[in-house]
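Reading through the structure tokens given below for one structure.
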Amino acid sequence: FSGLAIRVENGSRITIKNLTVKGYKVALLAEGVDSLQLIDCDFSYNYRPRLKSIREREDLSDWLSYHQNDEDEWLRYGAGIYLKQCDFALVRNVRITGNQNGLLLSGCNDGLFYNNRFHFNSGLGIGLYRSSRNRVLHNQLDWNVRGYSHGFYERGQDSAGILCYEQSNDNVFAYNSATHSGDGFFLWAGQSTMNTGEGGCNGNLLFGNDFSCAPTNGIEVTFSSNALVGNRIEECKYGVWGGYSWKSLIQANLIAACRYGIAIEHGQDNALLDNLLLDDSIGIRLWERDRQPADWGYAQQREVASRAYRIEGNDFSKVAFPLEISRTTDLQIKGNQFASFRRILTETHPNERLSYVDNAKVAGIDTAGWAVFPDSLRVAPLPDGMDAFLPEEHLRG
């Protein structure tokens with residue numbers, strides 16, 4: 001696969017409908033186009049290199065790296081759609097399958113991307129880089145995955161249903177199905193934040209999505225401040241991996257059958273509220289490491305102690321070790337319920353100023369109606385938004 005099929009530059013209010021492109025490195029590239037509309041198109045079966053991993057072992061050359069894109073480095077991986085500096089874009093009812101990447105956004109703000117089917121790709125369903133205030137809703141983003149061989153390895157190799165990198169702020173991701181992907185959702189603050197300790201991918205809201213069945217993380221959010229509300233996360237290694245997250249809200253999520261429900265190292269000022277954790281090995285794990293990597297500017301520029309958590313109103317059912325917390329200061333553990341556990345709190349290293357009040361050991365927990373949260377956090381579905389979720393009878397594992 002080589003070449004570019006369609007290029008659109010320096011315009012406004014351009015609409016492309018009913019276009020089918022196959023067999024190219026990049027199907028459509030648009031740059032500097034305001035209010036671009038892509039509707040009812042199919043950009044499937046474009047660039048998808050053969051993977052070198054085999055059933056018994058992975059090949060490390062299959063790992064992806066989306067850490068840099070200021071010089072359009074992402075184009076080396078191909079794309080169904082690549083939008084650069086295209087504000088107020090609309091992408092609706094577009095299909096992309098059998099590619100490496102679906103939709104890639106670089107420097108795109110205030111767009112709306114909904115009712116699309118970007119699935120069964122080997123890299124990303126949707127990727128954002130320096131892109132803010134976008135709405136990504138009602139999309140089918142399942143099976144965007146590589147680096148998984150059942151019984152042999154489960155690495156993901158940085159594939160994801162949704163990827164959000166490098167100063168991408170205030171986006172809304174709601175009512176998407178991103179199951180069976182390397183990560184369901186993968187957010188990283190960006191290299192500029194790692195160098196300076198400033199900025200991040202902040203203010204993003206993940207609401208009412210399904211990020212289940214990821215070989216690695218249902219949701220990965222790191223070095224940033226965001227809200228994860230009302231999501232479904234089942235059968236992942238980590239339900240939520242939130243390393244170095246700060247002032248983040250994790251509320252009313254269903255996290256089930258994961259090895260770790262919520263895991264955060266060096267987090268600060270985070271609220272873990274009203275979640276239902278069911279059949280996980282470890283429910284919530286909080287800790288800090290012995291020392292920081294010497295080459296991380298982030299850790300040199302910021303205070304990164306594990307501290308200041310509210311763990312309130314969560315229900316733990318059939319979670320062997322609901323709380324594993326070490327080297328953390330100023331914790332309020334209040335109003336949680338625990339059923340069918342081995343040990344509620346495990347401390348491998350001492351914590352400081354831990355408050356444990358009004359928690360209850362119960363015989364059982366009603367798991368119906370788990371997504372209870374303030375109306376202020378609710379995202380209204382689009383009037384013509386499709387039901388993107390897999391049917392309940394669909395095989396989940």
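The values are calculated or read from the model by the stated rules, or taken from the named source; none is laboratory data. On a predicted model such as this, the values are computed, not experimentally measured, just so you know. Cβ: placed from backbone, ideal geometry, glycine included. Neighbour counts: every protein chain shown.
Conditions (1) within 23 Å of the chain's Cα centre (by Cα); (2) under 29 Å from T222 (Cβ atoms); (3) of a type in the set (S, T, Y), marked per residue:
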| site | (1), (2), (3) |
| --- | --- |
| K334 | no, yes, no |
| T348 | no, yes, yes |
| K361 | no, no, no |
| G364 | no, no, no |
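For residues in the range 254-307 being among the aromatic types (F, W, Y) and closer than 19 Å to G200 by Cα, which is surrounded by the fewest Cβ atoms within 10 Å (Cβ to Cβ)?
W296
On the phi > 0 side of the Ramachandran plot and either aliphatic (A, V, I, L, M) or assigned to a loop (DSSP other than H, G, I, E, B) (or both): is that true of R291 in this structure?
So R291 does not fit the description; no.
Name the residue, out of G203, G199, that is touching a helix residue (DSSP H, G or I) at 6+ places or on another chain (Cβ under 6 Å), on the phi > 0 side of the Ramachandran plot and part of a loop (DSSP other than H, G, I, E, B).
Criteria check complete, one pass: G199.
Run R146 past the list (1) among the basic types (K, R); (2) more than 18 Å from the chain's Cα centre (by Cα); (3) modelled with pLDDT under 95 and report the number of the one that doesn't hold.
(2) is the only condition that R146 fails.
Out of everything in the range 345-365 that is in a loop (DSSP other than H, G, I, E, B) and β-branched (V, I, T), what residue ends up being surrounded by the most Cβ atoms within 10 Å (Cβ to Cβ)?
Ranking the candidates gives I365 first.
With respect to D210, determine if the residue is buried (at least 23 other Cβ atoms within 10 Å of the Cβ), within 28 Å of G297 (Cα to Cα) and among the acidic types (D, E). Spell out the reasoning first.
Numbers: buried (at least 23 other Cβ atoms within 10 Å of the Cβ): yes; within 28 Å of G297 (Cα to Cα): no; among the acidic types (D, E): yes.
Against the criterion (buried (at least 23 other Cβ atoms within 10 Å of the Cβ), within 28 Å of G297 (Cα to Cα) and among the acidic types (D, E)), D210 does not qualify.
Condition (residue is farther than 23 Å from S177 by Cβ, in contact (Cβ under 8 Å) with a residue 60 or more places away in the chain, assigned to a loop (DSSP other than H, G, I, E, B) and of a type outside the set (D, E)) applied to the range 214-227: is it met by at least one residue?
yes
Restricting the range 76-91 to residues that are surrounded by fewer than 19 Cβ atoms within 10 Å (Cβ to Cβ) and in contact (Cβ under 8 Å) with a residue 12 or more places away in the chain, which is nearest to N171 (Cα to Cα)?
Within the range 76-91, the first condition is being surrounded by fewer than 19 Cβ atoms within 10 Å (Cβ to Cβ), and the residues that meet it are 76, 85, 88, 90.
Add one more test, that the residue is in contact (Cβ under 8 Å) with a residue 12 or more places away in the chain, and what stays is 85, 88, 90.
Values: Q85: 16, F88: 13, L90: 15 Å.
If we take residues in the range 76-91 being surrounded by fewer than 19 Cβ atoms within 10 Å (Cβ to Cβ) and in contact (Cβ under 8 Å) with a residue 12 or more places away in the chain, then F88 is nearest to N171 (Cα to Cα).
Which condition breaks for V319 when tested against (1) in contact with a Gly (Cβ under 8 Å, 6 or more places away or on another chain); (2) buried (at least 24 other Cβ atoms within 10 Å of the Cβ); (3) assigned to a strand (DSSP E or B); (4) not acidic (D, E)?
If we test V319 against (1) in contact with a Gly (Cβ under 8 Å, 6 or more places away or on another chain); (2) buried (at least 24 other Cβ atoms within 10 Å of the Cβ); (3) assigned to a strand (DSSP E or B); (4) not acidic (D, E), just (3) comes out false.
Considering R48, R57, which residue is surrounded by 14 or more Cβ atoms within 10 Å (Cβ to Cβ), at negative phi and assigned to a loop (DSSP other than H, G, I, E, B)?
Details: R57 fails: surrounded by 14 or more Cβ atoms within 10 Å (Cβ to Cβ).
The conditions single out R48.
I'm told W287 meets every condition in (1) under 17 Å from T328 (Cβ atoms); (2) modelled with pLDDT under 95 except one. Can you identify the failing condition by its number?
(2)
Identify, please: which residue in the range 60-84 is more than 21 Å from G98 (Cα to Cα) and in a loop (DSSP other than H, G, I, E, B) and is, among those, nearest to the chain's Cα centre (by Cα)?
Only one residue tops the list, namely H67.
If you take the residues in the range 149-207 that are of a type in the set (D, E, K, R) and closer than 20 Å to H266 by Cβ, which one is surrounded by the fewest Cβ atoms within 10 Å (Cβ to Cβ)? Steps first, please.
Taking the range 149-207 as the starting set, the residues that turn out to be of a type in the set (D, E, K, R) are 154-155, 158, 166, 170, 183, 198.
Next, from what is left, pick out any that are closer than 20 Å to H266 by Cβ: 183, 198.
On the way: D183: 28, E198: 13.
So the residue we want is E198.
Between residues in the range 338-352 that are in contact (Cβ under 8 Å) with a residue 12 or more places away in the chain and residues that are among the aromatic types (F, W, Y), which pairs lie under 6 Å by C-beta distance while being six or more apart or on different chains?
F338/F316; R343/F321; I344/F338; T346/F321
Can you pull out every residue in the range 247-261 that is in a strand (DSSP E or B) and in contact with a Gly (Cβ under 6 Å, 6 or more places away or on another chain)?
The answer is I255, G261.
Just checking, which of R310, R342 is surrounded by fewer than 15 Cβ atoms within 10 Å (Cβ to Cβ) and of a type outside the set (V, I, T)?
Numbers: R310 fails: surrounded by fewer than 15 Cβ atoms within 10 Å (Cβ to Cβ).
The conditions single out R342.
Quick check on my filter: what residues within the range 149-184 are part of a strand (DSSP E or B) and at pLDDT below 95?
Our first condition is that a residue be part of a strand (DSSP E or B); within the range 149-184, this holds for 149, 153-154, 160-165, 172-174, 177, 183-184.
S149, Y153, E154, listed by residue number.
Quick check on the range 5-26. Is at least one of its residues among the hydrophobic types (A, V, I, L, M, F, W, C) and under 20 Å from S168 (Cβ atoms)?
No; the residues of the range 5-26 include none that is among the hydrophobic types (A, V, I, L, M, F, W, C) and under 20 Å from S168 (Cβ atoms).
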